[in-house]
Amino acid sequence: MPPSSVTSVRPLAPLRGETLTCVPQTTLKRIHREIADLKKEDLGNIQLSPSEDDLFRWNATIPGPEGSVYEGGVFQVEIVLSHDYPFSAPRVTFRTRIYHMNINDRGGICIDILKHNWSPALSLFKVILSLSSLLTDPNPRDPLVPQIATEYVRNRLQHDREARRWTDLYARPPPVIDKGKGKDKATASPAPCSSSSAAAFPPLPSRPAASTRASRTAETITIDDSDDEAPARSRRAAATRAPKRKREVGTADIDLSADEPAERPARRRRGGAGVGSGANSSSGRTDPGDVIVIED
């Protein structure tokens with residue numbers, strides 16, 4: 001982006017009572033160039049930009065590095081540029097409290113690139129990257145808070161526990177609650193099952209309707225008599241029959257079963273006056289005088 005276009009979009013504000021005529025043109029050109037370079041850099045989760053009304057005041061956001069005791073925290077950093085930047089180092093301050101041996105409670109930072117190792121070849125983006133590395137690898141040989149450095153060396157577990165506690169207290173961002181879509185999420189219908197889940201879990205068989213269950217209950221079950229019950233039924237039927245009449249001489253009365261229909265007349269067979277001989281009885285023939293009783 002050309003410097004002229006940046007100047008027209010973001011006007012410069014006076015620095016501490018100074019007018020713009022006191023700011024060297026090399027400083028303005030350098031600031032404009034760094035703004036253009038930031039648009040090409042892959043910042044990741046880091047945020048770095050000048051304030052809306054002053055190009056000499058920048059704001060940065062550094063997320064706690066993964067795997068460190070500051071993971072999950074978000075740390076705000078303020079950068080102030082001098083009027084002879086980049087020939088003098090910027091003044092960088094942590095606005096978020098942090099339990100770190102190289103950062104004091106006022107936000108001051110002890111790092112070599114912001115002191116005697118500063119070079120005009122360094123940029124603000126490189127400074128922020130160095131601060132992120134400092135959170136991962138603190139320097140106990142050049143501490144700004146000696147008590148924390150001693151604890152780090154002698155009791156690392158206690159140091160890490162306290163650093164995590166400070167991160168949760170001061171650097172943990174509040175949870176974001178989307179109030180506008182709460183009702184939509186509550187009334188949203190469940191997502192349809194995929195084809196793979198439908199194949200793995202087949203649908204359960206549906207229960208029969210009430211009318212079907214009632215018809216099944218009302219069905220009549222007919223059980224045929226077995227062969228063992230048939231003789232018992234015959235004996236009970238024979239016991240209920242009327243007693244037989246005695247045989248009269250010369251006359252044969254046939255008493256039919258009581259189970260016979262009423263319209264069926266009793267059959268009688270009358271033989272002759274003579275009585276059959278024993279020879280005839282043994283041969284199975286009947287004489288005219290015998291009485292024959294036929295039971296149905």
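Of all residues in the range 30-55, those that are loosely packed, with under 13 Cβ neighbours inside 10 Å have Cβ atoms under 6 Å from Cβ atoms of residues that are in a loop (DSSP other than H, G, I, E, B), 6 or more apart or on another chain, in D53/A13. So, I62, is that one out of contact with any Phe, Trp or Tyr (no Cβ under 7 Å at 6 or more places or on another chain), at pLDDT 90 or above and under 30 Å from P173 (Cβ atoms) or not? When the stated conditions are applied, I62 does not pass them. Among the residues of the range 120-139, the ones that are farther than 19 Å from L48 by Cβ and surrounded by fewer than 12 Cβ atoms within 10 Å (Cβ to Cβ) come to 1 in all.
Filter the range 69-87 down to residues that are of a type in the set (G, A, S) and under 30 Å from the mean Cα position of the chain (by Cα) and give me whichever is surrounded by the fewest Cβ atoms within 10 Å (Cβ to Cβ). Here the residue is G72. Y70 meets all of the listed conditions (1) out of contact with any Leu (no Cβ under 7 Å at 6 or more places or on another chain); (2) farther than 28 Å from L55 by Cα; (3) touching a residue at least 60 places away in the same chain (Cβ under 8 Å) but one, namely (1).
Here's the yes/no breakdown for (1) modelled with pLDDT of 95 or more; (2) part of a loop (DSSP other than H, G, I, E, B):
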residue	(1), (2)
S5	no, no
L15	no, yes
N45	no, yes
D54	no, yes
Y70	yes, yes
F75	yes, no
E78	yes, no
Y85	yes, yes
T93	yes, no
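Here is the figure for the range 105-119: residues that are closer than 25 Å to D168 by Cβ and open to solvent by 30 Å² or more (accessible area, probe 1.4 Å) total 2. Cβ-Cβ distances below 8 Å connect the following pairs, each with a first residue in the range 142-158 that is open to solvent by 70 Å² or more (accessible area, probe 1.4 Å), a second residue that is assigned to a loop (DSSP other than H, G, I, E, B), and a separation of six or more residues or different chains: D142/N102; D142/C110; P146/M101; V153/P140. Please count how many residues of the range 102-121 are part of a loop (DSSP other than H, G, I, E, B) and within 19 Å of T61 (Cα to Cα). Qualifying residue count for the region: 8.
The values are calculated or read from the model by the stated rules, or taken from the named source; none is laboratory data. Bear in mind that the values here come from a model prediction, so they are computed numbers and not experimental data. Quick reminder, even Gly has a Cβ in these numbers, built from the backbone with ideal geometry, and neighbours come from all protein chains shown. The protein model used for the area step is the full one, side chains on, heavy atoms only, and it has no ligands, DNA or RNA in it. Shrake-Rupley method; radii C 1.70, N 1.55, O 1.52, S 1.80 Å.
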